[in-house]
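Each value in this text was obtained by applying a stated rule to the coordinates, not by laboratory testing. As the structure is a prediction and not an experimental result, all values here were calculated from the model. Neighbour counts run over all protein chains shown; Cβ positions are idealised from the backbone, glycine included.
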Amino acid sequence: MARQLTAEDAKQSLRDHVAAKGAELRAKYGPVIGWAELQLILEDRAFVRYPCRIEFNPAVLGPGEFAYPEARGEKPEDGFTMFVHPIYMTQLALVPYLVLYQLVLVNYGAFASAHDAEAFGAAALGLGEQEYYQTVCQLADQLGGCDCH
């Protein structure tokens, strides 16, 4: 008799999947993913399931929140606006760290966890998950009131 899959199995499967997608993204757009590459990635439906554009606007961001994808309509196919805090407009080379972290929400919705975001972003940027997490934390710390440590 086959073993029954558990919720933990599903979580691990998603994490493995997002890490593999991150590695594929790096293979296609890396090894360095900066602002220009990020613009191409956002147009590539193999990596960003729904239309997504970046807007440097804190309107929907909570305190200490660096970025958030907001749906532009009732259906995911209507696309998303990735709101990024304007403080990062002068750090465009680092914006991919923040946007890649949030892209799992665009692609997988509420099923995606912070661990999935870290696995995807780290693989896409060719970093270890801890190194990626620390960089995201340092960027988030610029907003104050963040407890990443």
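Brief remarks on what is shown
- Share antiparallel - DSSP beta bridges, the chain, percent rounded to 5: 50
- Cα gyration tensor shape for region 66-126, rounded if a/c is under 1.5, else prolate or oblate: oblate
- Exposed loop sites were defined as trypsin sites (Lys or Arg not before Pro) in DSSP loop states (anything but H, G, I, E or B) carrying at most 13 other C-beta atoms within 10 Å; in the chain the longest segment without such a site runs 46-149.
- Projected label points at His115 and Arg49, each 7 Å from Cα along the beta carbon direction, are separated by 2.0 nanometres.
- Which label in (i) 23.5, 89; (ii) 15.3, 58; (iii) 14.2, 41 gives the computed Rg and Dmax of the Cα atoms in Å: (ii)
- Rounded to the nearest 5, the antiparallel percentage of DSSP beta bridges internal to region 1-83 is 50%.
- Distance between region 1-57 and region 85-145 - C-alpha centres, whole angstrom: 12
- Within the same chain, aspartates and glutamates fewer than 8 places from Lys21 are excluded, and of the rest, those with a Cα less than 12 Å from its Cα are Asp116.
- Per-residue 3J(HN,Hα) values for region 77-94, derived from phi via the Karplus relation 6.51 cos²θ - 1.76 cosθ + 1.60 with θ = phi - 60°, read 4, 5, x, 9, 10, 8, 7, 10, 4, x, 4, 8, 4, 8, 10, 4, 5, 9 Hz in sequence order (x marks Gly and Pro).
- Cα long-axis angle, helix 114-125 against the chain (0 to 90 degrees, to the nearest 10): 70
- The mean sequence separation of alpha-carbon pairs under 8 Å and at least six residues apart, normalised by the residue count of the chain, gives a relative contact order of 28 percent.
- Across region 66-129, C-alpha contacts under 8 Å between residues 6 or more apart give a mean separation that, scaled by the residue count, equals a relative contact order of 25 percent.
- Seen from Asn107, the other residues with C-beta closer than 11 Å to its C-beta sum to a net charge of +2, counting Lys and Arg as +1 and Asp and Glu as -1.
- The helix-based estimate of mean residue ellipticity at 222 nm for the chain, built from -39,500 (n - 2.57) per DSSP H run of four or more residues and divided by its residue count, is -15500 deg cm²/dmol to the nearest 500.
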